[in-house]
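*Asks:* Mind looking over this structure? Questions follow.
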Amino acid sequence: MKLVIILLSAIFVNNFVLSRFLGICPFLGVSKKVETAVGMGLAVTFVMALASVITWIVQRLVLDILGIAYMQTIAFILVIAGLVQFVEMVIKKTSPTLYQALGVYLPLITTNCAVLGVAILNIDSGYNLIETLINGIGGALGFTLAIVLFAGIRERLETAPYPKALDGFPIALIAASLMSIAFLGFSGLL
Amino acid sequence: MINDILWPVATLGGLAIFFGIVLAYASKKFAVETDPKVDEIRAVLPGANCGGCGYPGCDGLAEAIAIGKAPVNACPVGGADVAKKVAEIMGVAAEETERMVARVICGGDCDNAKEKYEYQGIQDCKAAEILAGGSKSCRFGCTGLGTCERLCPFDAIHVVNGVAVVDEEKCTACGICIENCPKKIIELVPVSKLVRVLCKNTDKGKAVVEVCKVGCIACQKCVKACQFDAMTFENNLAKIDYSKCTNCMVCAEVCPTKTIYADFSRRKKAYIDQELCIGCTICKKQCKFDAIEGELKEKHKVLEDKCTGCGQCAIKCPKKCIEMR
């Protein structure tokens, strides 16, 4: 039951983009088309799940034992950057189709604060390995949900009548803030 | 104390070295052979990343060309030179394309067009456009505040006396100015065409005269003067069909308001090589300006004051003895 709560909480209540305001950069940058948004979401899901597990292991087996938990941020950035590079190479070799779908987005995730965010939150919340994995997947699914919904809205905005001065990012930011308010409705869920 | 520094340094350094080794190993183990053509094509592309081709930067285009999604001449900036180099890499023959250049379709500079009010706002065409379409009394004309000049990555467009002018040597037809001009008065035309109608005002003659000295008043004299059906009228505006225009510049001669501009210094004349001419009279029949004289079986002559340089005789001459220069 606890796992389900962690999952739902990560997707809806504590949505990374809309409640915690992490990973705003790709959220605004790669959300012009639903298709690319899905690609980005998939890449983030993949990396977040992996990064959650690996950083948890690094924290518990290296940093905690040596008593240098305060180096957490730097160590995690190192781990995530290395991991993304590694994953990109593996995918490129093993599955060209998946690489085609994710390819351009993978390097972008290297410095995505949502990935670092989920890794640090896992440790702060004192999750065990399984809970960490579930939280990572949930957070990433929440990100995917937000970016895909947002891309859908932006596609429709293309043809919507709105003042010309708001063209481009202003109207996107307004739409994002309204989405964020809408997601606030989930806060009483759990 | 020393441990406080040593341990983190050693741990993070160790982690970094570990990842470094793993990545180095992985890059060998999982190396994928990429198409070397992509790198080669990327090297000959201009590298301005202007996006004029419609792909995300020069890298995107290089990839698209390499897999055959884009034609070898897809780079509008590089033009024929780059297309040729790319074609060599791809091993196909490049289609000859004529270089295009942007042209500002307005002659309403500070001397010709009247001012409606004194604009003191932000010095930007788009900003001025919001304020009753700019300060010039002609609502179609160049605002002259240089938005295109600032955006041009090639320093090829400059505002001279209140009207933007394209430096055709530098222009690469990337289309950035065309996209950003609030008046939509910049167009791409083939560089070899020397005649241009410098007006976008679709109002009737009287209204045009009131706002600008060099506006098209739709008198249609150019239509009658054109021997090649290249001049058409649409919305009270003369328009040149560049596929038919021969650079004879007759329209520019007859235009009463001098709206049609032609670079007369680059006007050509026909010269008949007297050695080769066999007196077939084909060129004489072709000439729409009666500029060639001479009877059958006699050497023909060009009357220089009548020749407009349209070049039709040179195209039709069976002996190829007419040269345009």
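*Asks:* For region B:1-42, state which residues have at least 50 Å² less accessible area in the presence of all protein chains than in their chain by itself, taking the probe as 1.4 Å and leaving out ligands, DNA and RNA.
*Replies:* Output list: B:PRO8, B:THR11, B:LEU12, B:LEU15, B:PHE19, B:LEU23, B:PHE30, B:VAL32.
*Asks:* From the P(r) of region A:84-152, could you give the percentage of C-alpha pairs in the tail past 17 Å?
*Replies:* The answer is 56 percent, as a whole percent.
*Asks:* While we're on this one: What does the buried accessible surface come to for A and B, summed over both chains, with the probe at 1.4 Å? Round to 100 Å².
*Replies:* In total, chains A and B hide about 1500 Å² from solvent.
*Asks:* Here's another thing I want to ask about it. Label region B:1-135 by shape, choosing from rounded, prolate and oblate, from the square roots a ≥ b ≥ c of the eigenvalues of the Cα gyration tensor; if a/c is under 1.5 it is rounded, and otherwise prolate applies when a/b is larger than b/c, oblate when it is not.
*Replies:* It comes out oblate by the Cα gyration axes.
*Asks:* Same structure, new question: Cα to Cα, under 20 Å, and not fewer than 8 places away if on the same chain: which aspartates and glutamates meet these conditions relative to A:LYS93?
*Replies:* Within reach: B:GLU33, B:ASP35, B:ASP39, B:GLU63.
*Asks:* Just add up the charged neighbours of B:HIS158: K/R +1, D/E -1, any other residue whose Cβ is under 13 Å from the Cβ of B:HIS158.
*Replies:* -4
*Asks:* For q = 0.15 Å⁻¹, what log10 I(q)/I(0) does region A:1-125 give under the Debye formula with an equal point scatterer on each alpha carbon and no solvent?
*Replies:* Taken in order of the listed q values, log10 I(q)/I(0) reads -0.74.
*Asks:* Ignoring ligands, DNA and RNA, please state the percent of accessible area on region B:66-196 from carbon and sulfur, probe 1.4 Å.
*Replies:* 54 percent
*Asks:* Right, something else. Which one of B:CYS50, A:VAL84, A:LEU3 has its Cα pushed farthest toward the positive end of the charge dipole of the protein assembly as shown, where Lys and Arg give +1 and Asp and Glu give -1 at the Cβ?
*Replies:* Checking the options against the dipole of the protein assembly as shown, the answer is B:CYS50.
*Asks:* How big is the C-alpha Rg of the protein assembly as shown next to the rule-of-thumb value 2.2 N^0.38 Å, as a ratio?
*Replies:* 1.40
*Asks:* Restricting attention to region B:130-215, which trypsin sites (Lys or Arg not before Pro) occupy a DSSP loop and are surrounded by at most 16 other Cβ atoms within 10 Å?
*Replies:* B:ARG139, B:LYS170, B:LYS184, B:LYS204, B:LYS213
*Asks:* Right, another one. Would chain B count as rounded, prolate or oblate if I go by the C-alpha gyration tensor, calling it rounded below 1.5 in a/c and otherwise prolate when a/b exceeds b/c, oblate otherwise?
*Replies:* oblate
*Asks:* Distance between the C-alpha centers of region B:112-173 and region B:8-46? Whole Å please.
*Replies:* So the separation of the two Cα centres works out to 48 Å.
*Asks:* Tell me, how many Å apart are the Cα centres for region B:211-290 and for region B:178-193?
*Replies:* Here the answer is 22 Å between Cα centres.
*Asks:* Over all directions, what mean area does the Cα convex hull of region B:238-325 project, stated in square nanometres?
*Replies:* 6.0 nm²
*Asks:* Once ligands and nucleic acids are excluded and a 1.4 Å probe is used, how much of B:ASP124 is accessible, expressed in Å² to the nearest 10?
*Replies:* Probe radius 1.4 Å; accessible area of B:ASP124 about 40 Å².
*Asks:* Give the accessible surface of the protein assembly as shown per residue, rounded to a whole number of Å², with probe radius 1.4 Å and ligands, DNA and RNA excluded.
*Replies:* Dividing the accessible area of the protein assembly as shown by its residue count gives 53 Å².
*Asks:* Cross-link list A:LYS164/B:LYS114; B:LYS244/B:LYS285; B:LYS269/B:LYS319; B:LYS204/B:LYS306; A:LYS164/B:LYS126: which exceed 22 angstrom alpha carbon to alpha carbon?
*Replies:* Long pairs (Cα-Cα over 22 Å): A:LYS164/B:LYS114; B:LYS204/B:LYS306.
*Asks:* Among all the lysines, which ones have a C-alpha under 18 Å from A:LYS92's C-alpha, if same-chain residues fewer than 8 places away are not counted?
*Replies:* Result set, ordered by chain and number: B:LYS28, B:LYS29.
*Asks:* Mind ranking B:TRP7, A:TRP56 by accessible surface for me, highest first, 1.4 Å probe?
*Replies:* B:TRP7, A:TRP56
*Asks:* Which aspartates and glutamates, if any, have their Cα less than 20 Å from the Cα of B:LYS301, not counting same-chain residues under 8 positions apart?
*Replies:* B:ASP273, B:GLU275, B:ASP290, B:GLU293, B:GLU323
*Asks:* Let me ask another. In the neighborhood of B:LEU188, defined by Cβ-to-Cβ distances under 13 Å, what is the net charge if each Lys or Arg adds +1 and each Asp or Glu adds -1?
*Replies:* Net of charged neighbours comes to +1.
*Asks:* To continue, here is another question. With the full set of protein chains in place, find how many percent of the accessible area of region B:199-325 is carbon and sulfur; take the probe as 1.4 Å.
*Replies:* Of the solvent-accessible surface of region B:199-325, carbon and sulfur hold 51 percent.
*Asks:* Nearest 10 degrees, 0 to 90: what angle lies between the long axis of helix B:2-29 and the longest principal axis of chain B (Cα atoms)?
*Replies:* The two axes meet at around 50 degrees.
The values are calculated or read from the model by the stated rules, or taken from the named source; none is laboratory data. Keep in mind it's a predicted model, so treat the numbers as computed, not measured. Virtual Cβ from ideal backbone geometry, glycine too; neighbours counted across all protein chains shown. For accessibility, only protein heavy atoms count, side chains too; no ligands or nucleic acids. Shrake-Rupley method; radii C 1.70, N 1.55, O 1.52, S 1.80 Å.
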